[in-house]
Amino acid sequence: MLRFALHRLFGMAVTMFCVSIMVFTIMELPPGDYADRYAFRKFSGTGVNITESDIQNIRVQFGLDRPAPERYFDWVWRIVTDFDFGQSFAFETSVNDVVGERLWLTLAILYATLILTYLLAIPIAIYAAVRRHSAVDYGLTVVSYLGLALPNFLLALILLYISVSTFGSSVGGLFSPELEKAPWSWEKFVDLLQHLIVPAIVLAWSATALQLQTVRATMLDELNKLSVTAARARGLPEWKVLLKYPARLAVNPVVSTVGFDVNRIFSELPIVALVLSLPELGELLIQSYLDLDMYVAGAILMMLTFFIVVMNFVSDVALAYLDPRIKLEGG
Amino acid sequence: MDMEASVGVTSTAATEASSVLDIRNLKVSFRTDEGIVTAVDGVSFQARKGRTLGLVGESGSGKSVSTRAVTKLLPKNAIIDPGSAIRLDTGNGSLTDVAPLPANSREIRNIRGGAVAMIFQEPMASFSPVYTIGNQIAEAVRLHRRAALSPLGATETVGDQIAESLRAQNAKLTKQEAWEIAIEMLHKVGISNANLRVDQYPHELSGGMRQRAMIATALSTHPKLLIADEPTTALDVTIQAQILELMGQLQADLGMSIIFITHDMGVIAQVAHDVAVMYLGVIVERGPTRALIEDPKHPYTEGLLQAIPRMDVLSRRLTPVPGDIPSPLERPAGCPFQTRCPKRIPGRCDRETPQEIGLGGGRFVSCFLHE
Ligand SMILES: Nc1ncnc2c1ncn2[C@@H]1O[C@H](COP(=O)(O)OP(=O)(O)OP(=O)(O)O)[C@@H](O)[C@H]1O
Ligand code: SF4
Ligand SMILES: [Mg+2]
């Protein structure tokens, strides 16, 4: 198990290395560099003329005169050692300040969505499979087709409309206005959880629909296994039979697609965030592309891929734990 | 394998041994989209202490359904007819009718793996791939074995019984104790390095070893009756012979009764003291193995045995009887076998249903030819 985990951990490091090269290449693509922008900003702001040598000075000051590979290693080194993602052109401050809280709020949305998805999909699907052809089972099929068919920005708008018109509350944002700038407190935490519900429902919607179908199908498959009959024939109480044997295996496809779900949540997040005006990374990422604010974009891309890679690792290890047949193949 | 010897046992002590299971007029039907399908239509047979009953018959004849009814391990759409009696020795030495008990009752759960253990055709699929062999054996052990069982007959009064059951509840084995028993059982079924094997997953064991482990699981709780549903069909011939020998040995050691389901008359001749031949949900003939093989009375049994020219080349499969088995949805009127019977009496066999007739010597047949 340890060897397996180390093996996957190494794979993760290699992935991150490749991703960092790709991200850095993307950052280098737009014409001009930070010095040009700095000069242009200063010129447009103050009208003071900037000479080529001033720009060159800025380049030297920020180390931009060095060749790309050197700057790449410098960039990576700072991230790894100081968690320093460089400077934002647009905000004229460090990327860390710009990204700041949005990172944690994005993670809050991510985990709220994942937890909601699995908390709904797994028990309901298992119940529906055990009570096949029951009202719950048929209801589930209808709901999950609806879930797959309805685009989530539409759902976001509907929920937004309902909560504003019937409850008069603001679903936009992640905090109530009066708590927005307040320091962290229990009250603020509860406020955050309340605001997380709508985005989590919107983002969990289609994933839940999909996972309901997968878990139900796997569960039905597992219920017919001879090993389940054999467990019954040993005299194990029915609920223990269900939980110990088929249910445990029915969770496997969910566990193995955690990384996929994270990926999908990150790609759907910007649109949902736009509708619900959530302060998260996806929206900032789009904004930074528009501003050609490449260090911000680079930082966000690195962070998002890092979480996908980490969740993939967690999923691999969890799967190896759940299914002992995997360990042998994994090495 | 010394077949003569094992068949020889049959002729002695045919009726003395006490019944562990006594099934009378068992009828099982299924609710399906096409209507009610009767899969088992009034069968009666007994399984006796220390003896093996062979259940033989073509696919779909109702061998699995009639034996699974004993532990109520039937699909949800199965109905056991209220006129059926399944009298079983649940542990106290006397027979109780378990037919009316619901499948999810505590009593049935105690019987499963307790008084009645089962092994199945597919050793590959009988164990869950995600738990160790030991885990699955220990599960059975902890469900049924108690620290110290009081000797038989010690629980006479109701008060005694309550005290005993309370004590039994408390005396549940620890995981460690159950694990030890699992190792001991693996050792007993001839698995070498049992203390290592116990920690392995099913996919790390060969098919033959898995079936041995399955037998170990079944026998770990000292059942009175072992139902073996084609336990060797999926194994190759050498392994099959080893498993059959092992089962015979363990039966001699533990004195349990075995119901052995198979398609293979050769295997029956090797392991069974008594045989029941099933066709389309009924037992057409039953009796001591040797007598039945040497002198079959029912035309279907004759057909089954015709494919076997000599007693020493018995290991042939059953496909000899010409014609197809009718679908259980379209059961023929009269004798179930009349559509394929070479000795059919026209005007009689297609109108009346033959009843089971005792022929003496523990033999029974359902055919008008023997009235
Ligand atoms: N779930 C079910 N629904 C409807 N009919 C069923 C169901 N299970 C079994 N049957 C019917 O019961 C009959 C007997 O099946 P059973 O499994 O007992 O046969 P078998 O003698 O064990 O055959 P095999 O040698 O193939 O195992 C079958 O013909 C089938 O039509
Ligand atoms: S009763 Fe008639 S049809 Fe049935 S087995 Fe006997 S002879 Fe054949
Ligand atoms: Mg069968």
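The values are calculated or read from the model by the stated rules, or taken from the named source; none is laboratory data. These numbers were taken from a predicted model, which means no experiment stands behind them. Every residue, glycine among them, receives a Cβ derived from its backbone with ideal geometry; neighbour counts consider all protein chains shown. These area figures cover heavy atoms from the full protein model, side chains too; ligands, DNA and RNA do not enter into them. Shrake-Rupley method; radii C 1.70, N 1.55, O 1.52, S 1.80 Å.
Need one word for chain A: rounded, prolate or oblate. Basis is the Cα gyration tensor (sqrt eigenvalues a ≥ b ≥ c); a/c below 1.5 gives rounded, then a/b vs b/c decides. Oblate, since a/c reaches 1.5 and b/c is not below a/b.
Highest average first, the peptides A:302-308, B:357-363, A:127-133, B:274-280 ordered by how many other beta carbon atoms sit within 10 Å of their residues are B:274-280, A:302-308, A:127-133, B:357-363. Distance from the C-alpha centroid of the range B:223-242 to that of the range A:99-137: 45 Å, rounded to the whole angstrom.
Taking every DSSP helix (H) stretch of at least 4 residues in chain A, weighting each as -39,500 (n - 2.57) and dividing the sum by the residue count yields a mean residue ellipticity at 222 nm of -25000 deg cm²/dmol. A Stokes-Einstein calculation at 37 °C with viscosity 0.692 mPa s, built on the Kirkwood radius of the protein assembly as shown over Cα pairs, returns a diffusion coefficient of 106 µm²/s. Here the Karplus curve 6.51 cos²θ - 1.76 cosθ + 1.60, taken at θ = phi - 60°, turns the phi angles of the range A:134-147 into couplings of 8, 4, 4, 4, 5, x, 4, 4, 4, 4, 6, 5, 4, x Hz, with x standing for Gly and Pro. The local environment of B:Phe368, defined by Cβ-Cβ distances under 13 Å, has a net charge of +1 under the rule Lys, Arg +1 and Asp, Glu -1. Take B:Ile325: with every protein chain present and a 1.4 Å probe, its accessible area is about 60 Å².
Counting only alpha carbon atoms, the long axis of helix A:68-82 and the longest principal axis of chain A meet at about 60°. Going by the alpha-carbon gyration tensor, a ≥ b ≥ c the square roots of its eigenvalues, is chain B rounded (a/c under 1.5) or, if a/c is not under 1.5, prolate (a/b greater than b/c) versus oblate? Note, shape of chain B comes out prolate. Using Cα atoms only, what is the angle between the long axis of helix B:158-170 and the major principal axis of chain B, expressed in degrees (0 to 90) to the nearest 10? The helix B:158-170 is inclined about 60 degrees to chain B. Interface between chains B and A: roughly 2200 Å² of accessible area buried, both sides summed (probe 1.4 Å, protein heavy atoms only).
Each of A:Ile21 and A:Arg248 was given a label point 7 Å from its Cα along the Cα-to-Cβ line. The distance between the two points is 4.2 nm.
Residue-wise HN-Hα couplings along the range A:107-124, as the Karplus relation 6.51 cos²θ - 1.76 cosθ + 1.60 with θ = phi - 60° gives them from phi, are 5, 4, 5, 4, 6, 4, 5, 4, 4, 4, 4, 6, 5, 7, 5, 5, x, 5 Hz; Gly and Pro carry x. Quick one: angle between helix B:175-188 and the longest Cα principal axis of chain B, in degrees between 0 and 90, rounded to 10, please. Its long axis makes an angle of about 50 degrees. Expressed as a whole percent, the proportion of Cα-Cα pairs in the range A:105-295 lying more than 27 Å apart is 41%.
Once backbone amide H atoms are built at 1.01 Å from N, B:Phe30 has B:Val37, B:Thr38, B:Ala39, B:Ile79 as its partners under 5 Å, excluding neighbours fewer than 5 places away on the same chain. Computed from the C-beta positions of B:Leu359 and B:Lys76, the FRET efficiency with R₀ = 41 Å rounds to 0.55.
Counting Cβ atoms of other protein chains within 10 Å of each Cβ in A:233-245 and taking the mean gives 6. Counting, for every residue in A:247-254, the Cβ atoms of other protein chains within 10 Å of its Cβ and taking the mean gives 1. Peptide B:53-61 is shielded by partner chain Cβ atoms: per residue, an average of 0 of them sit within 10 Å of its Cβ. Taking the range A:1-38 and a reference point 7 angstrom along Cα→Cβ of A:Tyr289, the backbone N atoms nearer than 14 Å belong to A:26-27, A:30.
Distance from the alpha carbon centroid of the range B:326-362 to that of the range A:169-224 works out to 67 angstrom.
Shown is the FRET efficiency for A:Leu2 and B:Ser192, computed with R0 = 25 Å from the Cβ-Cβ distance and rounded to the nearest 0.05: 0.30. Of all DSSP-defined beta bridges confined to the protein assembly as shown, some 65% are antiparallel rather than parallel.
Using the Cβ atoms and a cut-off under 15 Å, what net charge is assigned to the surroundings of A:Ala297, where Lys and Arg are +1 and Asp and Glu are -1?
Its environment carries a net charge of -4.
If we count every other residue with Cβ under 12 angstrom of A:Ser176's Cβ, Lys/Arg +1 and Asp/Glu -1, where does the sum land?
Charge balance in the 12 Å sphere: -2.
Each of A:Ile197, A:Trp186, A:Thr257 was placed along the dipole of the range A:172-331 (beta-carbon charges, centred on the mean Cα), and the one lying farthest toward the positive end is A:Thr257.
Taking label positions 7 Å along the Cα-Cβ direction at both B:Asp199 and B:Thr233, the computed distance is 3.7 nm, reported to one decimal. Between A:Ala135 and B:Ser327, what FRET efficiency follows from the Cβ-Cβ distance if R0 is 25 Å, with the result rounded to 0.05? It comes to 0.15.
Between B:Arg348 and A:Arg325, the modelled labels are 5.7 nm apart [label points 7 Å from Cα along Cα→Cβ].
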